[in-house]
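Undergrad: I am attaching a structure below and will ask some questions about it afterwards.
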Amino acid sequence: MNKNVGAIDRVIRFIVGLVLLYGGYYFGISTIVGIVLIILGAISFIESLIGFCLIYKILGISTAKPKMTQDQPQKPQQPQNPQI
């Protein structure tokens, strides 16, 4: 499973997840609103921890930085002290 959630996105999901979990606890576990908030908060919180979002995968979105591999060409280096 490749990570498709970037660092800023993960922090936002972490905070939103905690807020939703608290909201679910505030409204009560026995209410529909509370249960929905807890489920959404848990999903957001887990996505922030693992760095993967299924909806992003389906839509082909990625906010994560691509990893450099040996297969990718590297930028040519310019000479340090060019002589004129």
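Any read-out appearing in this document is the output of simple, stated calculations on the displayed coordinates, not a laboratory observation. Here the structure is a predicted model, which means the values were calculated and not measured. Counting neighbours? That spans all protein chains shown, and the Cβs are built from the backbone with ideal geometry, glycine included.
Undergrad: Could you work out how much longer the chain between Met68 and Val16 gets when fully extended? Use 0.36 nm per residue separation minus the Cα distance between them, nm to one decimal.
TA: Between Met68 and Val16, full extension yields an extra 15.7 nm.
Undergrad: What list of ³J(HN,Hα) values in whole Hz, one per residue of the stretch 50-59 in order, does the Karplus curve 6.51 cos²θ - 1.76 cosθ + 1.60 (θ = phi - 60°) give from phi, with Gly and Pro shown as x?
TA: Calculated HN-Hα couplings, in order: 8, x, 10, 10, 5, 5, 4, 4, 5, 7 Hz.
Undergrad: Here is a follow-up. Please give the contour-minus-distance gain from Asn2 to Ile39: 0.36 nm per residue of separation, less the Cα-Cα distance, rounded to one decimal in nm.
TA: Working: separation 37, 0.36 × 37 = 13.32 nm, distance 2.35 nm.
Full extension from Asn2 to Ile39 adds 11.0 nm.
Undergrad: Calculate the spin-label point distance for Ser30 paired with Ile50, positioning each point 7 Å from the Cα along the beta-carbon direction, and give it in nanometres.
TA: For the pair Ile50/Ser30, the computed spacing is 3.3 nm.
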